[in-house]
Amino acid sequence: MRQIQFFDTTLRDGEQTPGVNFNTKEKVQLALQLEKWGIDTIEAGFPIASEGDFAAVQAIATAVSTMTVAGLARCQIKDIDRAYEALKQAVSPQIHVFLATSEVHRRYKLAMTKEEVIRAIKEHVTYARTLFDKVQFSPEDATRTEKDFLLEAVQTAIDAGATIINIPDTVGYSNPTAYGELFAYLIANTKSKEPIMFSSHCHDDLGMATANALAAIENGATRVEGTINGIGERAGNTALEEVALALHVRQDFYDCTTNIQLGETKRTSDLVARLSGIAVPKNKAIVGGNAYAHESGIHQDGVLKNPETYEIITPQLVGVQTNSLPLGKLSGRHAFIEKMNQLGYQFDSEETNALFKRFKELADKKKQVTEQDLLALAADQGRTQTEGVELEAVQLQYVSNGHQGAVVSITKDHQSYVASAIGAGSIQAIYNSIDQIFEQQPRLLNYEITALTSGEDAQAEVHVAIECTETNRQISGIGVDFDVLQASAKAYVQASAALKNRGENK
Ligand code: KIV
Ligand code: ZN
């Protein structure tokens, strides 16, 4: 059986999703969870892009223990040097050099001739190989590149020392037949002294990113690139959890193995959803809220008689928790810390104090504290601390003619700020008050409420996305609380703080 390698680019291509901006601490947390999930290589960032990216790549390079850590670089010496600096302490460093090859990119974006593109690939891949044992080359927009020129570009990279060739469907233009044939063609026609790993990298503009990645695997690719939950530029990237499950469930067809620990799938997806602020659609394959729900009577009847009638994946296989935790309001601090450690969280004593206090408040209100509740609490607390802002209180009052008045207070850098405003409804009044505190007038792009668990005592999880009207910068926030208005306020405070704090990072 062939072994398929998984390359995760949630922190690089995934962070190119509008509104997503992870900080270094979050990136390290994500990297450690991805390592647990079984990712072989993580693309930790684009070190030349910003000081923040450089610091995050460097932090991940030292935090992980088995995964290869990759950094992105254009065909420029300064990019390669910067990637080397960020990655030199990694146990297994890798560079990912890219240059566009398609006619439209050569002519309009790069203003380079074919000969200049070939020279640039040769020079920069050769240089990269002097610093790294593992060099990956990507001909950007490969699927819209003339086939013979693509082959020349790929052969040039191989001759210069690249051992991983990644074929990006940058604009999600390809389809399974064409993409599969492209791999078969390149693999059959390239020559190399060293073994070459061919890798797929697909975008989902036409909804075919997962199908295309699987077609590449069928045609000889031994590595797949993608993101968790399929987040990424425009319509996103191949959702790696979909590929992992397809290879597992249809092993009879693909005849491949992976290092993916399927039981960590849901946890990995939840963490990405929380920290990115991008909610997973209910009907999303593998990790969506409805993925294991059976609505029709005929289906329910079948599943009760034998789950195999309508279930090709069990929730347990991907780690969907249906049971509650053996933690309640009488649980002590020790049991709580132990449980958090089991869930993959380590906190210093100040963080533990704050979290334990919130856990106790939760256990007082809720009959069963689920793993979902605890994970939400941890992510919420982490974000609150990172942004240095906390919602203190929200008060609402009916004014007149359907208008509501809100008074909101928050603590920021240990100082209290209070503002009041009216609005056509409660949420608008609260958001207008928060806008006054942050002296902002952003556009509200998205507002979504979901119940974190089932049952009447479920907490509400609110996702918001806002956009700064001056810079067009988008950012998202999440709030979790029993009270929908309180959760809405938390999410908006978090997004507003992130817009202020991280405005210049991306
Ligand atoms: O989609 C793309 O072309 C990329 C490259 C940088 C590999 O993300
Ligand atoms: Zn991409």
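The values are calculated or read from the model by the stated rules, or taken from the named source; none is laboratory data. Predicted, not measured: the structure shown is a model, and the values here were computed from it. Neighbour counts run over all protein chains shown; Cβ positions are idealised from the backbone, glycine included.
At a glance:
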item	result
Residues of the range 188-220 classified as part of a loop (DSSP other than H, G, I, E, B) and either within 16 Å of ligand 1 (Cβ to nearest atom) or polar (S, T, N, Q) (or both), total	7
Yes/no for ASP159 being more than 25 Å from CYS256 (Cβ to Cβ) and either buried (at least 18 other Cβ atoms within 10 Å of the Cβ) or at pLDDT 95 or above (or both)	yes
Cross-chain or 6+ apart pairs with Cβ under 7 Å, the range 220-243 first and not assigned by the TED database to the domain that holds ASP13 and at pLDDT 95 or above, then away from ligand 2 (no atom under 11 Å from the Cβ) and not charged (D, E, K, R)	none
Residue that is farthest from ARG223 (Cα to Cα), among those in the range 3-15 that are over 10 Å from the mean Cα position of the chain (by Cα) and either more than 14 Å from ligand 2 (Cβ to nearest atom) or not in a strand (DSSP E or B) (or both)	GLN3
Residue match in the range 431-440 (condition: in a strand (DSSP E or B) and at pLDDT 90 or above)	no
Members of the range 248-302 found to be among the hydroxyl-bearing types (Ser, Thr, Tyr) and without any contact (Cβ under 8 Å) to a residue 12 or more places away in the chain, listed by number	SER296
Any hit, the range 235-243, residues being more than 16 Å from ligand 1 (Cβ to nearest atom), β-branched (Val, Ile, Thr) and surrounded by 14 or more Cβ atoms within 10 Å (Cβ to Cβ)	yes
Leading residue by the ranking (farthest from LEU317 (Cα to Cα)) among those in the range 221-232 that are in a loop (DSSP other than H, G, I, E, B) and within 14 Å of ligand 1 (Cβ to nearest atom)	GLY232
Filtered residue count, the range 212-234, keeping only those that are surrounded by fewer than 18 Cβ atoms within 10 Å (Cβ to Cβ) and touching a helix residue (DSSP H, G or I) at 6+ places or on another chain (Cβ under 8 Å)	2
Among residues of the range 18-42, those that are within 16 Å of ligand 1 (Cβ to nearest atom) and touching an Asp or Glu at 6+ places or on another chain (Cβ under 7 Å), counted	1
Top-ranked residue of the range 1-26 - restricted to ones that are over 17 Å from ASN237 (Cα atoms) and at pLDDT 95 or above, ranked as surrounded by the fewest Cβ atoms within 10 Å (Cβ to Cβ)	GLN3
Residue that is nearest to the chain's Cα centre (by Cα), among those in the range 23-55 that are within 16 Å of ASP81 (Cα to Cα) and assigned to a helix (DSSP H, G or I)	ASP53
Residues located in the range 159-187, provided they are away from ligand 1 (no atom under 14 Å from the Cβ) and farther than 19 Å from GLU103 by Cβ	ASP159, ALA160, GLY161, THR163, ASN175, PRO176, THR177, GLY180, GLU181, PHE183, ALA184, ILE187
Hey, TYR185 of a type outside the set (S, T, N, Q), within 16 Å of GLY226 (Cα to Cα), touching a helix residue (DSSP H, G or I) at 6+ places or on another chain (Cβ under 9 Å) and not in a loop (DSSP other than H, G, I, E, B) or not	no
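Conditions (1) free of Cβ contacts under 8 Å to residues at least 40 places away in the same chain; (2) surrounded by 20 or more Cβ atoms within 10 Å (Cβ to Cβ), marked per residue:
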residue	(1), (2)
GLU43	no, yes
GLN58	yes, yes
ALA63	yes, no
ALA70	no, yes
ARG82	yes, yes
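The rows are residues; the columns are (1) surrounded by fewer than 18 Cβ atoms within 10 Å (Cβ to Cβ); (2) under 14 Å from ILE77 (Cβ atoms); (3) within 16 Å of ligand 2 (Cβ to nearest atom).
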position: THR101; (1), (2), (3): no, no, yes
position: HIS105; (1), (2), (3): no, no, yes
position: LYS114; (1), (2), (3): yes, no, no
position: ILE121; (1), (2), (3): no, yes, no
position: VAL125; (1), (2), (3): no, yes, no
position: THR130; (1), (2), (3): yes, yes, no
position: GLN136; (1), (2), (3): no, no, yes
position: PRO139; (1), (2), (3): no, no, yes
position: PHE149; (1), (2), (3): yes, no, no
